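Read through the structure below, which is laid out as structure tokens, and then see the notes.
Laboratory data are not the source of any read-out in this text; all were calculated from the coordinates shown. The structure presented is a predicted model; accordingly, all values stated were derived computationally and were not measured. We place every Cβ from the backbone using ideal geometry, glycine too, and count neighbours over all the protein chains shown.
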Amino acid sequence: MESPRARSSRSRRRSRPLLAVALAAVTVVGVTAGGTVYVQARAHSGGEPVSSATATPSATATATATATATATATATATATATATATATATATATATATATATAYEAADAEVSVDEVAVPEVDHDALLAEAMDAVDVPGEARVSVAVLALDSGAGATYGDSAFDTASIVKVDILAALLLRAQDAGRRLTTTEKAYAAAMIRNSDNDSASALWRSIGAAKGLDAANERLGLTATEGGTGMLWGLTQTTAADQLTLLRQIFGTDSELSAASRSYVQELMGTIAAGQRWGVSAAADGSSWRLKNGWLARSTTGLWDVNSIGRVTAGGAGYLVAVVSDGSATQAAGIALVESAARAAVTAVAGEASAVAGGGEASATAGQ
């Protein structure tokens with residue numbers, strides 16, 4: 001009779017299956033740039049990979065890859081296991097997505113954009129060209145500097161020194177205002193009366209009084225050092241009208257008066273601007289020729305030299321033309337008459353504004369508020 005132990009042993013031997021079915025574990029290893037899907041099957045027991053398959057999607061379609069793997073292991077006397085893995089990739093074209101090899105490559109590609117060089121505008125050359133059309137008669141000389149306030153375009157024609165004549169009166173007033181600012185005070189009633197007569201009416205006696213107040217040439221030169229005028233030198237003694245200056249320096253003075261980056265306080269700048277906008281009738285010529293109507297603020301200077309009989313004629317100021325603002329300084333000498341000098345200065349002012357008007361009008365975009373002179 002078979003013992004219980006023997007029956008148990010025999011029962012265990014019969015229960016060993018001759019055929020075992022195991023599901024292979026499928027691992028998607030990765031996707032290449034060309035869209036190939038690598039599938040790796042492993043026996044459920046954790047053995048080595050037994051097969052792999054690849055699938056390549058269409059070059060113009062979205063690839064949806066479904067990978068299945070079935071491994072059938074058959075137990076034999078030699079315990080050989082066989083597993084089969086299959087992978088199928090179904091390419092489905094859609095209207096909204098495209099998967100291509102080049103799409104992967106483009107993601108890493110650098111986009112090359114050709115830079116277009118924009119040539120710099122030589123405003124000095126443009127101004128020189130514009131000045132070629134200006135009639136400069138006889139022994140006359142002229143120099144001009146201009147700045148477009150909107151675009152920042154500026155140009156200068158000529159760098160020689162000229163007598164200031166009465167345009168120095170603006171410089172005298174700026175020096176007076178700096179001294180008052182330093183002392184922490186306002187101008188006195190007398191100083192204001194002198195200043196108004198000196199600027200509005202070009203009164204020489206008032207200018208002489210204030211010339212003494214600022215310390216004459218020494219005081220003017222000290223003020224100009226602060227204001228940034230590097231080529232202006234005060235006249236000797238009481239000859240303030242023979243102060244030497246350049247068009248470029250006068251433009252620097254105008255920037256101090258009409259700009260915000262200034263040694264002059266806002267109140268001081270406003271005061272000078274107001275006086276330059278209320279010039280007496282008969283003295284409103286000059287750079288105003290380049291302005292739209294009465295949109296100007298200026299100071300003129302004129303002087304017949306006793307040694308030659310020829311005229312110094314100068315004009316500095318701010319004008320509005322075509323909706324844009326400009327600072328313009330014109331200095332000249334050698335004109336046979338005052339009228340000839342005025343015509344020369346006005347022609348130069350118009351040429352200067354024209355030379356930089358292109359960029360200024362493009363930036364204006366509707367124009368800025370006019371600095372209209374009060375009449």
Quick shape check on the range 123-364: root eigenvalues a ≥ b ≥ c of the Cα gyration tensor, a/c under 1.5 is rounded, otherwise prolate if a/b tops b/c, else oblate, and it reads oblate
Tally Lys and Arg at +1 and Asp and Glu at -1 over the other residues with C-beta under 10 Å from the C-beta of residue 209: what net charge comes out?
-2
Diffusion coefficient, µm² s⁻¹, Stokes-Einstein with Kirkwood Rh over alpha-carbon pairs of the range 222-278 at 20 °C and 1.002 mPa s
176
Quick one: length gained pulling residue 121 to residue 159 fully straight, 0.36 nm per residue minus the C-alpha distance?
11.7 nm
Suppose each label sits 7 Å from its Cα in the direction of the beta carbon; what would the residue 136-residue 192 distance come out to in nanometres?
4.4
Compute the separation of the alpha-carbon centres of the range 218-253 and the range 138-171 and state it in Å as a whole number.
13
Label points 7 Å out from Cα along the Cβ direction at residue 266 and residue 336: separation in nm?
5.2
Tell me, Kirkwood radius of the range 120-209 from alpha-carbon pair distances, in Å?
16.2
Excluding residues fewer than 8 places away in the same chain, name every one of the lysines whose C-alpha is closer than 21 Å to that of residue 299.
169, 192
Under 15 Å from a point placed 7 Å out from the Cα of residue 212 along the Cα-to-Cβ direction: which residues of the range 182-198 have their backbone N that close?
190-191, 194-195
